[in-house]
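Okay, so here's the structure we're looking at.
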Amino acid sequence: MCASLLLGDYRLTTPRDRVCPTIESLRLSLRFTLTVRVETKCQHFRGEPSSPRSGFASTATLAGDFDSSDIGLSALDLQKHDRYTENQGRSSPHRDTCSSYYSKKKSCLGRSGIILDIRARAPWYISDWKDAWNYRVIPATALIFFSNVLPGIAFSLDLIEVTQQYGVSEVLLSSFMASFVFSVFGAQPLTIAGVTGPITVFNQTIYKILQKHPNPPNYLHFVGWVYLWGAIFHWVTAILNWCNFLKYVTLFSCDTFGFYVSWVYLQYGVQVLTRQFSSSTSTTSSDSAPLVSLILALLMVILSSIFHVFSQTTYFHRHIRRFLADYGMPISLIATSGMAYWGRLHTAHPSTLPVGEAFKAAAGREWLVKFWELDGMWVGIAFPFGIVLWILFFFDHNVSSLMAQGAEFPLKKPPGFHYDFFLLGITTFIAGLLGIPAPNGLIPQAPIHTTSLLVMGRPPKDKKDEEEYENLNLSRTRTNSRSKDSQPPPDPTSVHRHEIPIAVVEQRLSNLAQGSLCLVLLTGPFLHVLSLIPRGVLAGLFWYMGASALLSNGITRKLLYLIQDRALTPKTEPLHRVRKSRIVLFVGVQLIGFGATFGVTQTIAAIGFPVIIMLLLPLRTLVIPRMPFTSEELAILDGPTASPFTMESVGGTL
């Protein structure tokens, strides 16, 4: 990092380790223009949310008296991050190259975002495969496979039972298609795509609406046209660079949508169980089968939570803790499924997943859907449904990509939102052609995938850390020499005690591998294994994933802060600088947006819930700034979802 002070015609360049002292010495005596090029994310290091005024690769120009609080930096932050980024070596020629492409894009509005994304990402393509030679790829593949495929199948149970037009084969084929396209051809291979809850709600609502007509059209033909209209809007969006509107997507809308998805997961877990209580889903199930399913669901949640809690404690060696974090959920799922066939639980015959024949579509139909045979009237009616689908995928998929490349991840490879959204249009069109659910980005699976690829380590040692360690040893020696001093000596392990993310294994293999496993599941023997998984275990998986996403959500953290004892809250907590009434107001607006979305989903008007989700963007841009928040409070309560380096491909941040 360098800072240049422009004083008239003279340029004073200060060395790296003297930037902040020089600024502080001139602050009270000079009025000047300061240009600071910041090459790091200091707020992330302190645990504060990113601010539009500061962050990675941002430039702040201030006139007049300089105050370091204006850009959220301090001398300690700058020095810590300078040492951290130097040791990690995150800058690279490729990164500078992709930044130059995006700077050209800003200066030339006519430039194609798709071409710029391809040029920025192309230099990394070979390394995307070479970097896969890393152990982190194995646990990431296992974790995403279980957390993607099984919830996707469970979400589609509604489509399977209500429409009779889809089956497990369609869901598995959709997941494979998405993983193959985005891992081999995509610009953002960390983003996991598959069958989501919102698309199942969308397709199911279309079916219910069509059945109200006295002479309904062929369902798959109509959906094929809906997907085609949606795909056309996807291509137009990517070609015209409309993905630049992602600059208005902040944590406000992401947290609200993530809060909604978390509750959808919890709701589906309850529905999987209640349907077994209301009616028998299998002729071989006994009266106690629903109770056994409930026991299996609770066992799945408890066992997965135990593994997660132990992975966060100080017990056992750190390699064992990481093993529990990597494989805790898959082990819990396999063990809980096995419990259903042990002892008296087996006699209850709990309901399991319905599967069809290997590589065959549901109801014995052909794989090719001839949607062009649909009457012209229904083709026109499908048009507004295609617009709603485009709105849903524009927000859902792009937010998934943003969260997979969040500011908390030390990424070094550039994104490609325009190009990937064009590819999403292709997969949507193919889905309509094959009669399978259209895949798109998954929440919370996408950020879970990146988290599972994190390389953890201790901060690098430097002179300052060595001085701190020596001071601790000196203090311990002095304390031991004073027998009358009963105070225990300082703990020398306090330095470098906590591991931090130092890198992400950015590669394409884990996404492709988990999708290929979906294709393997389409074979007869593995379909039989899939049919042995009890539905109660899936309900527990929904509860565990929903609860985990809910606890890590920004809305939940703010609500918990409001009931915390301030005396026991760390003094470095950024929310201390925000009035509680403003926290309540901000969270209240988010909860209203969540309530409106969740409420509409429960009605026949559920087809319009993507529109409500999209309205969160103008709400944040036009309404929130007019509310009684100070700029500092709003910067703490909200911020960009991803780092400025990631957001540079869509024109920056709000």
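Only the coordinates and a few stated rules stand behind these numbers; no lab work does. Note that the structure is predicted; figures quoted are calculated from it, not measured. Backbone-built Cβ (ideal geometry, glycine too); neighbour counts: all protein chains shown.
Annotation: amide H of G435 within the under-5 Å range of V369, sequence separation 5 or more or interchain, hydrogens built in the peptide plane.
Across segment 340-357, computed HN-Hα scalar couplings (Karplus, 6.51 cos²θ - 1.76 cosθ + 1.60, θ = phi - 60°) run 5, 10, 10, x, 6, 5, 5, 5, 6, 6, x, 5, 10, 5, x, 10, x, 8 Hz from first to last residue, x flagging Gly and Pro. With the convex hull of the Cα atoms taken as the outline of segment 596-637, the averaged projected area works out to 3.5 nm².
Summarising the amide proton neighbourhood of S643: residues at separation of 5 or more, or on other chains, whose placed amide H is nearer than 5 Å comprise A407. Cross-link pairs exceeding 31 Å between alpha carbons, from the set K208/K360; K247/K413; K130/K370; K370/K413: K130/K370; K370/K413. Highest mean packing first, where packing is the average number of other Cβ atoms within 10 Å per residue, the peptides 595-602, 371-378, 426-433 line up as 426-433, 595-602, 371-378. Computed extension gain for R365 through V236, at 0.36 nm per residue and net of the alpha carbon distance, reaches 43.2 nm.
Averaged over every viewing direction, what's the projected area of the C-alpha convex hull for segment 306-386? Give it in nm², one decimal, please. The partial results should precede the final answer.
Details: hull surface 47.0 nm².
Computing the convex hull of the Cα atoms and averaging its projections yields 11.8 nm².
Packing around the peptides 303-309, 253-259, taken as the average count of other Cβ atoms within 10 Å per residue, puts them in this order, highest first: 253-259, 303-309. Near I295: Cβ cut-off under 15 Å, other residues only, Lys/Arg at +1 and Asp/Glu at -1. The net charge is +1. Modelled this way, with points 7 Å down the Cα-to-C-beta line, the labels at K571 and N215 are 7.9 nm from one another.
Working from label points 7 Å from Cα in the Cα-to-Cβ sense, the I592 to Q564 distance is 2.7 nm. Placing one identical point scatterer on every Cα of segment 345-434 and ignoring solvent, what is log10 I(q)/I(0) from the Debye formula at q = 0.14, 0.17, 0.20, 0.26 Å⁻¹? Log10 I(q)/I(0), no solvent term: -0.83, -0.95, -1.06, -1.30.
Coupling constants for segment 623-637 follow from the phi torsions by the Karplus curve (6.51 cos²θ - 1.76 cosθ + 1.60, θ = phi - 60°), and in residue order they are 9, 4, x, 7, 7, x, 10, 7, 5, 5, 5, 5, 5, 7, 6 Hz; glycine and proline get x. Other residues lying with their Cβ under 13 Å from the Cβ of F421 contribute a combined charge of -3, Lys and Arg counting +1, Asp and Glu -1.
Provide the FRET efficiency to the nearest 0.05 for the R318-L551 pair, computing r from the beta carbons and using R0 = 30 Å. Don't skip to the answer; put the middle values down first.
Details: r = 23 Å, r/R0 = 0.76.
Efficiency, rounded to the nearest 0.05: 0.85.
When you count the other C-beta atoms within 10 angstrom of each residue and take the mean per peptide, 202-212, 217-227 line up highest first as 217-227, 202-212. Count Lys and Arg as plus one, Asp and Glu as minus one, and take only other residues whose Cβ is under 13 Å from that of F310; the net charge is then +2.
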